[in-house]
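Have a look at the structure below, then the notes.
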Amino acid sequence: MNVKRTVVLTLVVLSVVAFSVAPLSADEAKEQKAVTAAQEWLSLVDAGKYAESWDEAAAFFRGAVLKGTWTQQLTAARKPLGRMLSRTVASKTYARSLPGAPDGEYVVIQFNTSFENKKSAVETVTPMLDKDGKWRVSGYYIK
């Protein structure tokens with residue numbers, strides 16, 4: 001009886017674990033791919049590779065801002081902050097429409113970020129699904 005009870009208890013526990021680990025929804029899977037793309041893009045920015053970050057941005061982004069302008073603006077915004085110390089995802093929201101942007105697939109991601117000279121910042125990074133099916137950053141803002 002004791003062995004039978006242990007087996008039944010084990011099966012119940014395994015059933016609970018199996019049902020509590022639900023597969024990601026389609027939007028959640030897209031959000032995760034977008035977060036990964038944003039983190040990879042931010043690693044270029046953190047390394048001071050501003051021109052390269054422009055190269056890796058979405059076509060919409062590259063069409064909206066000249067490469068030289070981007071590198072100047074990003075240098076002015078990031079240099080005073082110093083080195084990035086930590087960054088965590090605070091929120092992520094999937095959207096098909098954003099103000100001032102063409103309809104498409106976007107994920108607006110907010111990161112809580114700490115820099116050497118600004119301990120508490122919020123970075124908003126907005127990857128979009130580009131025409132080639134790859135997630136690329138279409139917007140970046142630091143507050």
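Quick notes on this one:
- Figure legend: label point modelled 7 angstrom from the Cα of ALA47 along Cα→Cβ; residues of region 118-143 with amide N under 17 Å from it are 137.
- At 1.306 mPa s and 10 °C, Stokes D of region 26-142 from Kirkwood alpha-carbon radius, µm² per second: 111
- Taking a point 7 Å out from the Cα of LEU81 in the direction of its Cβ, the residues of region 35-65 whose backbone N falls within less than 11 Å of it are 42-43, 45-47.
- For LYS118, the aspartates and glutamates whose Cα falls under 20 Å of its own Cα, not counting residues fewer than eight places away in the same chain, are ASP46.
- Fully extending the segment from SER25 to GLN73, taken as 0.36 nm per residue of separation minus the present Cα-Cα distance, adds 13.6 nm.
- On the basis of the beta-carbon distance and an R0 of 25 Å, ALA121 and ALA59 show a calculated FRET efficiency of 0.35.
- Shown for region 23-103: lysine pairs separated by 8 or more places, or found on different chains, whose C-alpha atoms are under 13 Å apart, numbering 4.
Every number here is computed from the coordinates shown, using simple stated rules; none is lab data. The structure displayed is predicted, hence computed values, not measured ones. Counting neighbours? That spans all protein chains shown, and the Cβs are built from the backbone with ideal geometry, glycine included.
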